[in-house]
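The values are calculated or read from the model by the stated rules, or taken from the named source; none is laboratory data. Everything numeric here is computed off the predicted structure, so don't read it as measured data. We place every Cβ from the backbone using ideal geometry, glycine too, and count neighbours over all the protein chains shown.
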Amino acid sequence: MVRGMMDRALVGFACVYTPLPLLDAAGFVPWRILPVGDAPDQAGRLLHDNLCPHVKRLLDRAMAADLPPLAGIVFMNSCDAMRRLPDAWRVARPSDRVILVDLPASAADDAVEYFAAELRALAVNPADWGGTSIRDADLEDALRRYDGLASSAAGLRAQLARGELPGGAAALQAAINDVTAGGWPDGAARLAASSFVAPAASAAGDAARPASGVPVFVFGNVLPEPEAFALFESCGARVVADDVCTGSRVLAPLAPATDADPYVRLARGLLGRAPCARTIDPAHPGGAATRVVDAARSCGARGVVAHVAKFCDPYLARLPAIREALREAGLPLLVLEGDCTRRSLGQQRTRIEAFVEMLESR
């Protein structure tokens, strides 16, 4: 019997390719484990120092018990660093239920079929974790709920692009964090009502006026803290859109798929979304650069900021091609490397201010 929406157990996840509708259909609430907080640095005891700081910060939280009770954790085999996290997690917290789901690197038909099989295998675990058996009808309902949530998020992003979202990108990031960290059951209604962003409007009542600042497009892997976007604004930049794993990718609409089998439809929808740096499109090897240029142009950005975690090989390997494509398009690029701490981004204030001044003078 499916429990009520508000008393469902939490299942942790750490990647935007996680099949959130599947967790929902099993009677769980997806809970995003973010690389935030004040957990002490301990991951170096189990992982190499020169490893993705996103992965290490997640493990720091696990080792510090800085997590709510979780029925289980679903990790995606998205990159080599994330592949190593479940092994280290089992050492740090041997009583946790942990599963690693293979994630194809392309959206080809054979990759979709393989991924669908992985999703069916994942669906077997809920009974062991205290969830419910998943019927196809349950997954269909969950897919519809996700569509509503993604639609609400898309509406807020459209407001952000127009400069009409109270609180701007910082407030939107706070809302996304809240919904994905336990606010899933009524997330669509809460986003649709802008319950998180409305209070950020200024006391002067000017929330309806377009926001000021030089419009910039931000891309990269993880940038979960609203304070980061507030920093951009304080430096004179206005983030009008992003392509970040903790931002627009989190509640992105699933790519349209008409497959009768809901598992195949979910697999195709996830793999068919705008790919991140670890995804390969054999037909368009330079696709990452083209997508950044197109996204920046479509949102009216005057400059582009790349925020990349240190030691993130997939993104660092693609930066030269992206830089060249932006140069040819006449769009300046600022590259920031971070270690998933507020301190690392705060140290970049001078560079951000200089970049904004350069954009203003063009």
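Computed quantities for the displayed model
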{"item": "Qualifying residue in the range 311-332 (condition: of a type in the set (Phe, Trp, Tyr) and either surrounded by fewer than 17 Cβ atoms within 10 Å (Cβ to Cβ) or assigned to a loop (DSSP other than H, G, I, E, B) (or both))", "result": "yes"}
{"item": "Residues located in the range 310-324, provided they are over 30 Å from Glu164 (Cα atoms) and among the aliphatic types (A, V, I, L, M)", "result": "Leu316, Ala317, Leu319, Ala321"}
{"item": "Residue within the range 291-304 that is part of a loop (DSSP other than H, G, I, E, B), free of Cβ contacts under 8 Å to residues at least 12 places away in the same chain and of a type in the set (Gly, Ala, Ser) present", "result": "no"}
{"item": "Count of residues meeting criterion [farther than 22 Å from Ala14 by Cα and modelled with pLDDT of 85 or more] in the range 162-203", "result": "7"}
{"item": "First in the range 30-45 and β-branched (Val, Ile, Thr), second anywhere and in a strand (DSSP E or B), Cβ under 6 Å, 6 or more apart", "result": "Ile33/Gly12"}
{"item": "Arg157 touching a strand residue (DSSP E or B) at 6+ places or on another chain (Cβ under 8 Å) and of a type outside the set (A, V, I, L, M, F, W, C)", "result": "yes"}
{"item": "Criterion (outside any loop (DSSP other than H, G, I, E, B) and either modelled with pLDDT of 90 or more or under 30 Å from Val101 (Cα atoms) (or both)) met by exactly one of Arg265, Arg273", "result": "Arg265"}
{"item": "Long-range neighbours under 8 Å by Cβ, at least six apart or interchain, first residue on the phi > 0 side of the Ramachandran plot within the range 311-323, second assigned to a helix (DSSP H, G or I)", "result": "Phe311/Pro53; Phe311/Ala81"}
{"item": "Per-region count, the range 90-102, residues basic (Lys, Arg) and assigned to a helix (DSSP H, G or I)", "result": "1"}
{"item": "Elements of type helices (runs of 4 or more DSSP H) contained in the range 103-170, each with 3 or more residues being over 23 Å from Phe75 (Cβ atoms)", "result": "136-162"}
{"item": "Answer residue from the range 3-51, given it is among the polar types (S, T, N, Q) and over 14 Å from the mean Cα position of the chain (by Cα) and is farthest from Cys79 (Cα to Cα) among those", "result": "Gln42"}
